[in-house]
Amino acid sequence: MNFRKIDAPSIKELFLTQIEEMILSGELKPDDRLPSERELADTMGISKTIVHEGIRELTRMGFLEVKSRKGVYVADYARTGNLDTLFAIIRYRGGMPDKKMLIDLLNVRIYLECPAIEELALRHAPDDIRQLELLQEDMKKAICSDIQTFASTLFMYRKTLSALSGNCIVPLIMNAFFTASISAWTDYCEYIGRQNTYEVLVQTTEHIRNGDARSAIRLFTECIEKYKKHLISHA
């Protein structure tokens, strides 16, 4: 048996986590000025090198802004952040996006996946349809499995559909968000219903086979909008 070594978080990781949490909790607000690197090092009992490297990393993530000859300030991460910032926010919230963020993510899915659906409906090969049918079979078998397994089969169908369209970016974005949003995928499947979710995919494959992009997109967006209304009504 090969057991992996368990590594404790490094001092730098602990520094990053503390500053991230202070910003995300609102203890540190945009435009707040941080103490100097030396003051932070002395107060936190760590080296100035760790502080310097940590500030550089937090600046890259959009949490901080270094102003020449003025110091280090808390940035408005909603404007300056990136994917790493978003993942940090989700980690801070326990692995589940809040409802506003989840609704925003659903809107992003519509923007990204609808063009992929249209492209595949217009230009597909028999093997593309066969791949979707195989994934449908996986979903049918997973109806009686645990909800995470079922949600994972839904994810694989949606990701494969986007990949088959020829878009190489959308599947990467979906992969990047899946682990962080698995709770949202399972909640979606529970709300829409496993049998209904499966039937939607069967219909989607048939619409794509027939080149009916409009109907395939309508099915997808109707489910997303239904789930969005559910989230809003339970806010």
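Derivation of every value follows stated rules applied to the coordinates shown; laboratory data play no part. Everything numeric in this text was worked out from a predicted model, so none of it was measured. For neighbour counting, all protein chains shown are included, and Cβ atoms are generated from backbone atoms with ideal geometry for every residue, glycine included.
Summary table below
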read-out	value
Per-pair calculated FRET efficiency, R0 = 35 Å: residue 32 and residue 230 via Cβ, rounded to 0.05	0.40
Net charge dipole size for the stretch 7-57 [Lys, Arg +1 and Asp, Glu -1 on Cβ; Debye, nearest 20]	180
Peptide ranges 164-173, 75-84 listed from the most packed, as the mean C-beta count within 10 angstrom indicates	164-173, 75-84
Förster radius 30 Å - calculated FRET efficiency between residue 176 and residue 56, Cβ distance, rounded to 0.05	0.85
Degrees, to the nearest 10: 147-164 long Cα axis against longest axis of the chain	80
Cα-projected label distance for residue 13 with residue 214, points at 7 Å along beta-carbon direction, nm	5.3
Residues whose placed amide H lies under 5 Å from that of residue 28, excluding near-sequence neighbours	23
Tilt relative to the chain, helix 83-92 - C-alpha long axis, 0 to 90 degrees, to 10	80
Above-threshold pairs, the threshold being 30 Å between Cα atoms, out of 100/140; 159/228; 141/226	100/140
Separation in nanometres of the label points that stand 7 Å from Cα toward Cβ, at residue 195 and residue 110	2.9
Acute angle (nearest 10 degrees) that the helix 11-24 long axis makes with the longest principal axis of the chain, alpha-carbon atoms	70
R0 of 30 Å, Cβ-Cβ distance residue 87-residue 66: FRET efficiency to nearest 0.05	0.85
Residue of 224, 11, 103 that the Gaussian network model of the chain assigns the largest fluctuation, springs spanning Cα pairs under 10 Å	11
